[in-house]
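Read through the structure below, which is laid out as C-alpha cells, and then see the notes.
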Number of protein chains: 2
Amino acid sequence: MVHRIGINALMDEMIERLTSAFVAYDPDETIIPARAGFQYDRPDIGLLEWMPAMQTGSAVTVKMVGYHPRNPSVKHLPTILSTISIYDTASGHLVGLADATFLTALRTGATSAIASKFMASPRSSVIGLIGAGAQAVTQLHALDRVFSLKKVMVYDSDPAISDSFLERTSFQGLNVVQVNKNSLNDLLQNSDIICTATSVDIGDGPVFEDTTTQPWLHINAVGSDFPGKTEIPKSLLQRSLVCPDFPEQAKNEGECQQLSAAEIGPSLVELIRDREKYAYITEIPTVFDSTGWALEDQVAADMLINFARQFNLGTTIQIESVSSDPRNPYQFAVDKNYSIPVSEFARHKNLEA
Amino acid sequence: MVHRIGINALMDEMIERLTSAFVAYDPDETIIPARAGFQYDRPDIGLLEWMPAMQTGSAVTVKMVGYHPRNPSVKHLPTILSTISIYDTASGHLVGLADATFLTALRTGATSAIASKFMASPRSSVIGLIGAGAQAVTQLHALDRVFSLKKVMVYDSDPAISDSFLERTSFQGLNVVQVNKNSLNDLLQNSDIICTATSVDIGDGPVFEDTTTQPWLHINAVGSDFPGKTEIPKSLLQRSLVCPDFPEQAKNEGECQQLSAAEIGPSLVELIRDREKYAYITEIPTVFDSTGWALEDQVAADMLINFARQFNLGTTIQIESVSSDPRNPYQFAVDKNYSIPVSEFARHKNLEA
C-alpha cells in the first residue's frame, strides 16, 4: 500500500479518517471497553493486551498488542508488536487479519498530530522528541504533515538511538530537514511541541525534570500506557491543561494516573467537538495523554481493508472446515471427498469484484 | 489431522490432554481471566467474546467465540463460530491462528466426558440429549469413548433437528448403534446421563420441567453460557451436586446463576484432584455446569499445534513487514528493494525440522 500511494498520502488519509471518527464518535454505537491484558516478568518483562472495539451492527476489531521493552536490544524486534483481527458481527466470522505493528505506529503518530492541531500553537515550528525509537519516527512524520516545521531536536537516554534517528528520518517525503541531537535542557526550553515516547520502567518516571519552557508548550505524552509508568513531571502536568484520549484508561495507565479527577481536562473528542470554546488553549501549556485508544485501531483497520480491496492486495486464507450441514461438526471428517469451500472472505471479495 | 489419525484417536487424545491439564492446573502459572465480550441485537441477536489464557513464561492463547443462534437457519452456518490465536510471550508475536469452531465442539464434548467419568454412575449406558445440534454430536461421541453405551435418546424442540441427528451420528467410529428420537419425558425418566445443549433464549429457561429421574442422574449442562440463559430447573439443581468448570464465570453465565454460593459444589478441578473424597457422588444426582473454560481452549490449541508440527500441516503466512532496524517502522516503505523476510513461525518450523 505504501508503495502504491506513498507514505505521505497514507499518513494524510490516517489523519483525515481519525479526525472524522473523533468528530462522529458516539459511545452508544461504538462500544470500547477499557483494554485488559497480561503483565509478566517471565521469560522477560512484558505485556500482552487485547483492545476490542465494536461498531454496533457491523464489525468488531480486536487488536492484540505486545509491549516488550527488551525486544530491540535482545531480539532485534520492535518494542511494540501487534496484530489486528476483524470479525463480522452478523455471523461471528473472522474476516480479516493484519499486522498492526506498523499500523500502531502510524495511528499513534496521526493522533498526536490531530491533538497538536487543536492544542499546540498554530505557529509551532520547533519539535522536541524525547525517546527516539520507532514511535518517534511516526510522531515526527505526522507532525510534519500538519505543521510547517523548521527544526527537530532529538534526545534519547541511549546516544546510539538518537544518533540513528537522523538516518531513520531521511526518507523521501519528510519536509523538515534540520534534525539535530540535542541536550535535554535545550530541547525542553526551546520546543513548541514535545513528544515523549520512551520505554521508561514502571516507577522510574518522569523522564525529565520540570523547567522553564515555552509558555505555549504542547506535549504529546505517548509512552505512558502501563499502570505505574509515567513520563511527565507532575508539576508540569498540573500547570498544563491535560487532555486524555480515553479518560477511563488514562486514569489507570496514562499521565492522568498522577492527577486528581478535577485536574484532568476534557478528552480529545470533547475538545474537537467544542473547538471554539477551547480555542484559547493553543496559547497555554497543554498535554495530550495518549494511552492508545481502540477506536484508533478500528479506524486504522478500516483504512487497511479499504486499501486492500481498492488495490486487490492481501491473501485469502482458508482456516475453516465449513460443513454443508451447520449442525454436523464431523461432516468433513467422515466424508473423504469433502472439498474445502471458498471462504466467507473470498466470497466477499468476489461480490465486490 | 482427522484424516491422518481418525476421529476416535483425536477425541481420546483431547480427553487425555484435558484430564492431565485439570490435574496439573496451577492458578499461579496459568492465568485465566473471566471472559468478556460484546452482546448485541443488531444486525441480529448475537455475542462475540474473547477468552484469553496465559501459560506464564511461554504462551498466551486468545479464543474469539461468536454465538449467533440464528446462524443455522438464516445463514446455514454453525451457531458457534470461533477462531483461536497463539502468541509468544517472549516477543509478543502471533505464532499461530486456527479455526476453533470444530475445536470448541471437540473440547466441550471431551470435557463433558471427563466430568461424567467422575460424576456419573460408571454403569451409565443410557444417554439423553436435549438439544440435538452441533454440540450434541461431540457430546455423544466423547461419552461413547468413556462409557459402554447401549442407547441414546434424543430430543429437540425442532423435530427436524432431532430427525437429522441420526444421520449426523452415523459416522464410522461411534460404538453405540441405537439412537432414537424420544419424548422429553421418556428421556428424563430413563437416562443415566443427560446433556443439554440448546439455544434457549435469555429468560426462557429451563428447557424442561423437573420430574422423577434415575437417582444417579448426571447432567452435563452445556448450553448455559450467557447472563440470564439457563437450561436446568432450579429444583433439580438444588437436589443435585452442582460442579462448575470455572466458578467465577459459572456464577455469571452458567446454571450457577440460579444458586446461592452455599448451593454450589466443588469445581471440576477440585473434584478430580480429591476424587476419593467425592467417590460417592457417582450414585447421587449431579450437574456439571459447563460454561466453557479458556484452559480447555489452550489445551486444544496445544494439541493442534503439536499435530500440525508432527504431520507438517498448516501454512506459513507472512503478515508482518519486519525491518532490519527494529526502531525504523518505515524501512520497508522507503527501500524499494526491501524483501519480505521469513516469518518467526517459519523459523520456528525450520528449527524443529
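Scanning region A:238-263 for residues that are over 20 Å from A:Pro27 (Cα atoms) and out of contact with any Ser or Thr (no Cβ under 9 Å at 6 or more places or on another chain) turns up A:Gln238, A:Arg239, A:Leu259, A:Ser260, A:Ala261, A:Ala262, A:Glu263.
Is there a residue in region B:23-42 that is part of a helix (DSSP H, G or I), open to solvent by 20 Å² or more (accessible area, probe 1.4 Å) and more than 11 Å from chain A (Cβ to nearest Cβ)? Quick ask: steps written out before the conclusion?
Within region B:23-42, the first condition is being part of a helix (DSSP H, G or I), and the residues that meet it are B:23-24.
Now narrow it down to the ones that are open to solvent by 20 Å² or more (accessible area, probe 1.4 Å): B:23-24.
Now drop any that are not more than 11 Å from chain A (Cβ to nearest Cβ), which leaves B:23-24.
Yes, region B:23-42 has at least one match.
With the structure loaded, tell me whether A:Phe165 is of a type outside the set (Lys, Arg) and either under 30 Å from B:Ser324 (Cα atoms) or in contact with an Asp or Glu (Cβ under 8 Å, 6 or more places away or on another chain) (or both) or whether it fails that test. Spelling it out, A:Phe165 is indeed of a type outside the set (Lys, Arg) and either under 30 Å from B:Ser324 (Cα atoms) or in contact with an Asp or Glu (Cβ under 8 Å, 6 or more places away or on another chain) (or both).
Checking the stated criteria, B:Thr104 turns out not to satisfy the condition of being more than 8 Å from chain A (Cβ to nearest Cβ), among the polar types (S, T, N, Q) and part of a strand (DSSP E or B). Number of residues in region A:246-260 that are part of a loop (DSSP other than H, G, I, E, B) and either open to solvent by 40 Å² or more (accessible area, probe 1.4 Å) or in contact with a strand residue (DSSP E or B) (Cβ under 7 Å, 6 or more places away or on another chain) (or both) equals 3. A count restricted to region A:161-193 and to residues that are open to solvent by less than 60 Å² (accessible area, probe 1.4 Å) and closer than 21 Å to A:Ile80 by Cα stands at 6.
B:Pro122 fulfils the conditions (1) closer than 26 Å to B:Pro285 by Cβ; (2) assigned to a helix (DSSP H, G or I) except for a single criterion, (2).
If we keep just the residues of region B:87-101 that are closer than 22 Å to B:Glu13 by Cβ and crowded, with 23+ Cβ neighbours inside 10 Å, which is nearest to the other protein chains (Cβ to nearest Cβ)? Talk me through it step by step, then tell me what you get.
Let us first name the residues in region B:87-101 that are closer than 22 Å to B:Glu13 by Cβ, namely B:95-101.
If we keep only those that are crowded, with 23+ Cβ neighbours inside 10 Å as well, we get B:100-101.
On the way: B:Ala100: 9, B:Thr101: 6 Å.
In this case the residue turns out to be B:Thr101.
A:Asn8 falls short on exactly one of the conditions (1) within 11 Å of chain B (Cβ to nearest Cβ); (2) open to solvent by less than 20 Å² (accessible area, probe 1.4 Å); (3) in a helix (DSSP H, G or I), and that condition is (2).
In region B:51-74, the qualifying residues are those that are crowded, with 22+ Cβ neighbours inside 10 Å and free of Cβ contacts under 8 Å to residues at least 40 places away in the same chain, and the one that is nearest to the other protein chains (Cβ to nearest Cβ) is B:Gly66.
Suppose we filter B:Glu270, B:Glu276, B:Glu263 for residues that are under 23 Å from B:Pro206 (Cβ atoms), out of contact with any Pro (no Cβ under 8 Å at 6 or more places or on another chain) and surrounded by fewer than 19 Cβ atoms within 10 Å (Cβ to Cβ); which single one remains? When all the criteria are applied, what remains is B:Glu263.
Is it the case, given these coordinates, that A:Pro78 is part of a loop (DSSP other than H, G, I, E, B), within 7 Å of chain B (Cβ to nearest Cβ), at pLDDT below 95 and within 17 Å of the chain's Cα centre (by Cα)? Here the answer is yes, as A:Pro78 does meet what is asked.
The values are calculated or read from the model by the stated rules, or taken from the named source; none is laboratory data. These figures come from a predicted structure and were not determined experimentally. A quick note on method: Cβ atoms are made from the backbone with ideal geometry, for glycine too, and the neighbour counts reach across all protein chains shown. The area values use the complete protein model at the heavy-atom level, side chains included, leaving out ligands, DNA and RNA. Shrake-Rupley method; radii C 1.70, N 1.55, O 1.52, S 1.80 Å.
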